[in-house]
Amino acid sequence: MPLSADCLHAHLPWLRIGEFLPRILDLGLAPEIAFKGPELDDLPVEQLATVARLIAATGRRPTVHAPFFDLSPGAMEPLVRQITLQRLTQALQAAGHLGAHLMVVHPGYDHWRYPNLAVAWADHAAATFAPLVAMAEQHDCRLALENIYEEQTETLTALVARLDSSWFGHCFDVGHWRLFGRQSQETWLANLAPRLLHLHLHDNHGQSDDHLPVGEGVIDFAPIFRMLAGMPAAPSITLEAHNPDELQRSYANLQNLRVKGAPR
């Protein structure tokens, strides 16, 4: 299917809304508004409403990126799970005020931090996400679980399948896959496809999470374009460039790579 601007979003930190939102909207994109935890304390509802109106006037809906520093929905420590649920609840409430259609969440799992504890982690994570999934339906805002340090898809797909809700699915981050994934990109996409809701596109050189514009690192985006071509409806997509100039390059490069079939 053709890749249109209607499904495209751009990364936007909440504290830079005034600076960057007009430029994102001028490109015909919607923002993916990223919150850090403390920003959600005493967040002005009036400001959220103002931002929501500006975005809604374009006929698009934003996405939200929930806070993730120090949070883990499947942590062994109950107090960490408690504050994780609190922060994700706050973020989902903000997403509702913004009219967001999707919120990206980090799983907080890697096998080095949780050696031989995958089952216990999954039990805790399922208990944390269950009330959030119910709340997501109330806010008409799906939750998308983003791959970070996972080497394979099984931890993520098992958790999504366990909750078995159309309001809970996957966000495939191709930059994180390039750094940490040990399965091919095609395998990742095939395994996530039944519940794939969202994509994060950025580039790197395979050594660090550079968040380069698409096409300016070593990542081969052809598998993603092939997957999109075979889908009746594309997942939403966020270009995770970290300043407006790189965003414009990423957007232009994305269109060029798509037209050329992403020869890399």
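The numbers here are math on the coordinates, done by the rules we state, and not lab data. The shown structure was predicted, so the numbers you read here are calculated from the model rather than taken from an experiment. Using ideal geometry, Cβ is built from the backbone for each residue, glycine included, and neighbour counts are taken over all protein chains shown.
Once each part is reduced to its C-alpha centroid, what is the distance from region 9-78 to region 126-155 in angstrom?
Between the Cα centres of region 9-78 and region 126-155 lies a distance of 18 Å.
Express the Stokes-Einstein translational diffusion coefficient of the chain in µm² s⁻¹, to the nearest whole number, given a Kirkwood radius over alpha-carbon pairs, 10 °C and a viscosity of 1.306 mPa s.
86
When the dipole is taken about the Cα centre of region 1-153, and only Lys, Arg (+1) and Asp, Glu (-1) are charged at their Cβ, what size is it in debye, to the nearest 20?
260
For a footprinting-style exposure proxy, rank C7, C171 by other Cβ within 10 Å, fewest first.
Ranking C7, C171 by Cβ neighbours within 10 Å, fewest first, gives C7, C171.
Would you work out the relative contact order for the chain, in percent, from Cα pairs under 8 angstrom that are 6 or more residues apart?
17
May I ask you to list, by number, the DSSP H helices of the chain whose Cα span along the axis is at least 15 Å and whose average Kyte-Doolittle hydropathy reaches 0.0 or more?
45-56, 78-98, 118-138
If you wrap a convex hull around the Cα atoms of region 1-101, how much volume per residue is inside, in Å³?
103
So if I average 1/r over every pair of distinct C-alpha atoms in region 107-229 and take the inverse, what Kirkwood radius in Å does that give?
15.2 Å is the Kirkwood radius here.
Using just the helices of the chain, give the 222 nm mean residue ellipticity in deg cm²/dmol: DSSP H runs with n ≥ 4 each add -39,500 (n - 2.57), and the total is spread over all residues, rounded to 500.
Value at 222 nm, helices only, nearest 500: -13500 deg cm²/dmol.
Once R0 is set to 35 Å, what does the formula 1/(1 + (r/R0)^6) return for the Cβ-Cβ distance between W112 and E137, expressed as a FRET efficiency to the nearest 0.05?
So the FRET efficiency works out to roughly 0.55.
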